[in-house]
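One structure is given here, and the rest of the page talks about it.
The values are calculated or read from the model by the stated rules, or taken from the named source; none is laboratory data. Because the structure is a prediction, the values reported are computed rather than measured. Glycine gets a Cβ as well: all are built from the backbone with ideal geometry, and neighbour counts include every protein chain shown. Surface areas here come from the heavy atoms of the whole protein model, side chains and all, with no ligands, DNA or RNA. Shrake-Rupley method; radii C 1.70, N 1.55, O 1.52, S 1.80 Å.
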Amino acid sequence: MFNKIFKNIGPGTLVAAAFIGPGTVTVCTIAGANYGYSLLWAMLLSIFATIVLQEMAARLGLVTSKGLPEILRSAISNKLIRVVLIILVLAAIAVGNTAYEAGNISGGVLGLQIIFGEQWYFPLILGAIAFGLLFIGNYKILEKVLITLVVIMGISFIATAIAIGPDVTQVFKGLFTPQINSDNILTIVGLIGTTVVPYNLFLHASLVSEKWKQPSDLSAVRKDTVISVILGGLVSMCIIIAATALQETKVSSGTDIARALEPVFGTASTYVFSIGILAAGITSAITAPLAAAYVVKGCLGWKGTMKSWSFRAVWMIILSIGILFSSLGFKPLDIITFAQIANGLLLPIIAILLLWLVNQKLLGKYQNKTWQNAMAFVVIIIAIGLGAKTLLKVFEVI
């Protein structure tokens, strides 16, 4: 039974594992605690946008058997544009994931700390787990581990949401009644931005060819993408729903839910939610360096597999820096700010390029249909708005 499940689930689950990280847990917690069910529609919109973009990226990877950097390098004839784009991709993904990795590991550490108390060696333990799985260099093993972690994460957060006894009528109202104002706009941007992640597009395109080899497998790729992203979005929604129980409590992170639920639902709820946070940290601590390694490999034209030392060197550097920064409690704010600017620029650019690429002859009969272009256009408008708002937010801080 489990073998059949694993056989039919693929890179889409890794995409879900990547976007449900400590940052997502925090943003969803703040959304639920501050605005109740009213921002569930933003997560629903995020799921739609993510499915559209990830399907295009996965289709490109499947039909061409290449990663997005390789496709872009061969498709863009203008050398200057190609070089500028590669530099932007490297800055946003490689540098950005290096800056965010400390947060991924620290997020997982918080889950351990709630259960076992503070220990200085927790970042080393999580780093060692990520290192071991990445060093094996076996996609099938990595896939099964991450699927298992996503299942654990899903059960933890869904169980917590059910435990609070949500108001079903208000849940549906929040899903289908958009509310936007000056107070919640930044939280809306955060919810969409933490789900529609540029590095997932690169990760997905690269990993598709690890599992499927023929364009005729497109139906399986699409099914995997849609199911995985919907389940990932459902988990994020459950975090928002669980956090609605804390509307009278000041919260700043997912761990606040775990601590605040204990008086109401007992210590079991603390452990259940903490396990979810731990799983979220581990999955992101693995997928962020992996995505960066694929991006650097593609941008620089390296050959080889996940076991090649050039590939390993990239994720080793990113993981090591993440462990170091997490252990020291150091937050590289300047690097993170730079990465946010690069990502704010990259998302709309990549969305536009994806739409252009899936309408090229290189895809043959797998080019976009009119209805697919219409959906992609809507998502591009969202991406442009999100990118602009991200840049404005960053520059306001600066």
What is region 116-199 by shape, rounded, prolate or oblate, if you read a ≥ b ≥ c off the alpha carbon gyration tensor as root eigenvalues and call it rounded for a/c under 1.5, prolate for a/b larger than b/c, and oblate otherwise? prolate
Per DSSP H run of at least 4 residues, take -39500 (n - 2.57); add these up for the chain, divide by its residues and hand me the 222 nm value, nearest 500 deg cm²/dmol. -26500 deg cm²/dmol
Peptide ranges 189-195, 320-326 listed from the most packed, as the mean C-beta count within 10 angstrom indicates: 189-195, 320-326
Protection-proxy order for peptides 178-186, 82-90, 210-218, 34-42, each taking the mean of Cβ atoms within 10 Å per residue, highest first: 34-42, 82-90, 210-218, 178-186
Cβ-based net charge around Thr13, under 11 Å, with every Lys or Arg adding one and every Asp or Glu removing one: 0
On a full-extension model of 0.36 nm per residue, what is the gain between Asn373 and Ile185, subtracting their alpha-carbon distance, rounded to one decimal in nm? 65.0 nm
Rounded to a whole number, what % of the accessible area of the chain do carbon and sulfur atoms account for, probe 1.4 Å? 67 percent
Separation of the Val84 and Ser310 label points, Cα + 7 Å toward Cβ, nm: 2.7 nm
Say R0 is 35 Å: what FRET efficiency, to the nearest 0.05, do Ile352 and Lys173 get from their beta-carbon distance? 0.55
Along the dipole axis of region 97-201 (charges at Cβ: +1 for Lys and Arg, -1 for Asp and Glu; origin at the Cα centre), the most positive-end residue among Phe157, Leu191, Gly111 is Phe157
Over the chain, what is the mean sequence separation of C-alpha contacts under 8 Å (at least six apart), divided by residue count, expressed as relative contact order in percent? 38 percent
Cβ-defined net charge surrounding Gln372, 15 Å radius [Lys, Arg +1; Asp, Glu -1]: +3
Could you give the size of the charge dipole of the chain about its Cα centre, using +1 on the Cβ of each K and R and -1 on the Cβ of each D and E, expressed in debye and rounded to the nearest 20? 1560 debye
Taking the chain, the equivalent ellipsoid from its C-alpha gyration tensor has semi-axes in Å, biggest first, of 31, 24, 21
In Å², rounded to a whole number, the accessible area per residue of the chain with probe 1.4 Å is 43 Å²
The Kirkwood hydrodynamic radius of region 1-114, taken as the inverse of the mean 1/r over all distinct Cα pairs, in Å, comes to 17.4 Å
Cβ neighbours within 10 Å, averaged per peptide: list 149-160, 126-137 in order, most packed at the top. 149-160, 126-137
HN-Hα couplings for region 349-354 via Karplus (6.51, -1.76, 1.60; θ = phi - 60°), in whole Hz with x for Gly/Pro, come out as 5, 5, 4, 5, 5, 4
